[in-house]
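Input: a single structure, listed below in structure tokens.
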Amino acid sequence: MPSSSKERFSSKMGMILSVLGIAVGTGNIWRFPRIAAQNGGEDGAGAFLFAWICFLLLWSIPLIIAEYGMGRHGRKGVVGSFVALIGEKRGWLGGFVGFVATAIMFYYSVVASWCLYYLITSITTALPGDLQQANAIWEGFQGSNWPLIGHAFVMGVGGYIVLKGISSIEKVNKVLIPSLLLVLVISLFKALSLEGSGLGVEYLFTPDWSTLKKPGIWLEALTQNAWDTGAAWGLILTYAAYMRKNDDVTVSAFQTGIGNNIVSLVAAIIIFSTVFGTLSPTMGSGEILDVMKTSGPASTGLTFIWMPQLFATMGGGGIFAILFFLGLTFAAFSSLISMIELAVKVFVDMGAVRKRATIVICLAGFGFGMPSALNLDFFANQDFVWGLGLLVSGALISYAVIQYGTKKFRDELINTEERSATLGKWWEIIIKYVVPVEVVTLLGWWMYLSAAEYAPDTWYNPLSPFSVMTVIVQFGIALFLVWFFRKGLMGKNKIKKETS
């Protein structure tokens, strides 16, 4: 097996498809349509889409550029790349970025197992005929051992792929991502063929500009774009360690961000068209939107409870259901692989053998993911806490670039001689000023909501799933662990980095 420090993507296409594998996940199909519906006005959700696209340029793409630059420069994982950029004394901060993404991996594997279960169910059994049957399937699944078995299975398969190194990850993504895109295109045509689907598309793209007066719309748009693109997770940084020297950072970042957002829009068109096309004969627009906004237990309502019964009412719905959950499974799996690789790369940089590191990470992933597989309240808590953690990760990446020097970073690490596009000064302004303001504003807003709306009577209780204190305590534990083991995290990160 080749040394991980020498491994590279074999082609630009392989790299872009692998990075899209990070970005294109369940957030595009499972989360985005529901968030768009929840933030739409009386006339439509187009204004939310406008805010969402703004943050593609004001958050996601600038941070993706930073991650590409850091990863290619350091040729290591999140810790090693932070060390290469800002030195050993502060490089351990990259460990928090890695911790957040790994904590998300623990419960993201559970989501992947849900997708796989519903794919198998849509193939082997009849679709639910009404809401009662759909709820019975979901509750029966959650009350069985299948969430735990599925969690173990997807962690095991993901670990096997990562075990073989970046060449294996690249080969898998060259199959998964084109297959996912094909499934989405077929599903798009099917959804648009439904009578009444035009009502859904019209609502999705019609702007209700008055909604932009609400600060919550902008904050939801930023959060969703961060989830959509994978910006600041450290995952793109990890894959960037395998970039070829002549791969252009700026072009790759725009391809990643824009490509991902196109997938989100396609997924939203599919969902809106299906829901409106199926329910419009018996429901008004307001009632249909209520269905779309319903999150259900752990935000499962629309995807896992409503969609199967909607498929049951349409011609060819069985095939459509299989395609939908196949696409969802592919999306979840490609993202999970990148999360496993991030954690494994940190251990490899510390001096561990890849095989041993992969086995340890997957066993830990299964063990620490068990509570989320067995308890939806615990799952929801982890999703809440580490979703906020991504904002801190964005702040730390921005901090590292600022400490290195934004102009120096842009001149030396991005605008290299091999570049095909030149990154302008606008990027420096966003990284230095806009991103920190976004982080402080969004974290402050979420903390306020937690204290005022989510858990007003238990905000001080760390055991309350949506309290301010549960976030502070878990962040504190993560920071302490990363700081305490900082010398071990350095490992071989102290060796001279490659420049090839």
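Considering only the range 28-87, state which residues are outside any helix (DSSP H, G or I), touching a helix residue (DSSP H, G or I) at 6+ places or on another chain (Cβ under 8 Å), open to solvent by 10 Å² or more (accessible area, probe 1.4 Å) and of a type outside the set (D, E, K, R).
Asn39, Gly40, Gly41
For the range 135-145: of the residues being more than 16 Å from Pro371 (Cβ to Cβ) and either assigned to a helix (DSSP H, G or I) or in contact (Cβ under 8 Å) with a residue 12 or more places away in the chain (or both), which is most open to solvent (accessible area, probe 1.4 Å)?
Glu139
Here is a check on your reading of the model: is Leu376 open to solvent by less than 30 Å² (accessible area, probe 1.4 Å), of a type in the set (A, V, I, L, M) and at pLDDT below 95?
Details: open to solvent by less than 30 Å² (accessible area, probe 1.4 Å): no; of a type in the set (A, V, I, L, M): yes; at pLDDT below 95: yes.
In short, no.
Okay, residues lined up against (1) open to solvent by 10 Å² or more (accessible area, probe 1.4 Å); (2) modelled with pLDDT of 90 or more:
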position	(1), (2)
Arg244	yes, no
Asp247	no, no
Phe254	yes, yes
Thr278	yes, no
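When residues of the range 200-216 are filtered for being under 26 Å from the mean Cα position of the chain (by Cα) and open to solvent by 60 Å² or more (accessible area, probe 1.4 Å), how many remain?
3
What about Phe324, is it open to solvent by 10 Å² or more (accessible area, probe 1.4 Å) and aromatic (Phe, Trp, Tyr)? Please lay out each step first, then the result.
Working: open to solvent by 10 Å² or more (accessible area, probe 1.4 Å): yes; aromatic (Phe, Trp, Tyr): yes.
Considered against the rule, which asks whether it is open to solvent by 10 Å² or more (accessible area, probe 1.4 Å) and aromatic (Phe, Trp, Tyr), Phe324 comes out as yes.
Given (1) touching a residue at least 40 places away in the same chain (Cβ under 8 Å); (2) open to solvent by less than 10 Å² (accessible area, probe 1.4 Å); (3) not in a loop (DSSP other than H, G, I, E, B), identify the lone condition not met by Ala231.
(3)
Pull out all pairs, ordered by first then second residue, where Cβ-Cβ is under 8 Å, the residues are six or more apart or on different chains, the first lies in the range 1-21 and is within 15 Å of Asn260 (Cα to Cα) and at pLDDT 85 or above, and the second is assigned to a loop (DSSP other than H, G, I, E, B) and charged (D, E, K, R).
Met15/Arg244; Met15/Asp247
Please count how many residues of the range 416-473 are part of a helix (DSSP H, G or I), in contact (Cβ under 8 Å) with a residue 40 or more places away in the chain and either open to solvent by less than 50 Å² (accessible area, probe 1.4 Å) or of a type in the set (Lys, Arg) (or both).
Adding up the residues that qualify gives 13.
Given the structure, is Leu148 among the aliphatic types (A, V, I, L, M), crowded, with 17+ Cβ neighbours inside 10 Å, part of a helix (DSSP H, G or I) and touching a helix residue (DSSP H, G or I) at 6+ places or on another chain (Cβ under 6 Å)?
Working: among the aliphatic types (A, V, I, L, M): yes; crowded, with 17+ Cβ neighbours inside 10 Å: no; part of a helix (DSSP H, G or I): yes; touching a helix residue (DSSP H, G or I) at 6+ places or on another chain (Cβ under 6 Å): yes.
Answer is no for this residue.
Which one is nearest to Glu202 (Cα to Cα), of the residues in the range 37-50 that are in contact with a Ser or Thr (Cβ under 9 Å, 6 or more places away or on another chain) and small (Gly, Ala, Ser)?
That would be Gly44.
Taking Phe153 and the conditions (1) without any contact (Cβ under 8 Å) to a residue 24 or more places away in the chain; (2) closer than 30 Å to Val360 by Cβ; (3) assigned to a helix (DSSP H, G or I), which numbered condition does it fall short on, given that it satisfies the others?
(1)
Could you count how many residues in the range 184-197 are in contact (Cβ under 8 Å) with a residue 60 or more places away in the chain, open to solvent by 10 Å² or more (accessible area, probe 1.4 Å) and either assigned to a helix (DSSP H, G or I) or of a type in the set (Phe, Trp, Tyr) (or both)? Before you say what the answer is, go through the steps one by one.
Keep residues of the range 184-197 that are in contact (Cβ under 8 Å) with a residue 60 or more places away in the chain, which gives 184-188, 190-192, 194-197.
If we keep only those that are open to solvent by 10 Å² or more (accessible area, probe 1.4 Å) too, we end up with 184-186, 188, 190, 192, 194-196.
Those still in the list that are either assigned to a helix (DSSP H, G or I) or of a type in the set (Phe, Trp, Tyr) (or both) too: 184-186, 188, 190, 192.
Of the residues in the range 184-197, 6 are in contact (Cβ under 8 Å) with a residue 60 or more places away in the chain, open to solvent by 10 Å² or more (accessible area, probe 1.4 Å) and either assigned to a helix (DSSP H, G or I) or of a type in the set (Phe, Trp, Tyr) (or both).
For every residue, the table says whether it meets (1) assigned to a helix (DSSP H, G or I); (2) touching a Pro at 6+ places or on another chain (Cβ under 6 Å).
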{"position": "Tyr242", "(1), (2)": "no, no"}
{"position": "Asn246", "(1), (2)": "no, no"}
{"position": "Val251", "(1), (2)": "yes, no"}
{"position": "Ile258", "(1), (2)": "yes, no"}
{"position": "Val263", "(1), (2)": "yes, no"}
{"position": "Ala268", "(1), (2)": "yes, yes"}
{"position": "Ile271", "(1), (2)": "yes, yes"}
{"position": "Phe276", "(1), (2)": "yes, no"}
{"position": "Pro281", "(1), (2)": "no, no"}
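Filter the range 101-117 for residues that are under 17 Å from Lys345 (Cα atoms) and open to solvent by less than 10 Å² (accessible area, probe 1.4 Å) and give the result.
Passing the criteria: Ala101, Ala103, Ile104, Met105.
The values are calculated or read from the model by the stated rules, or taken from the named source; none is laboratory data. Treat the numbers as computed from the prediction; the structure is a model and nothing was measured. All Cβ positions, glycine included, derive from the backbone under ideal geometry; neighbour counts span all protein chains shown. Just so you know, the surface numbers come from the protein's heavy atoms only, side chains and all, with ligands and any DNA or RNA stripped out. Shrake-Rupley method; radii C 1.70, N 1.55, O 1.52, S 1.80 Å.
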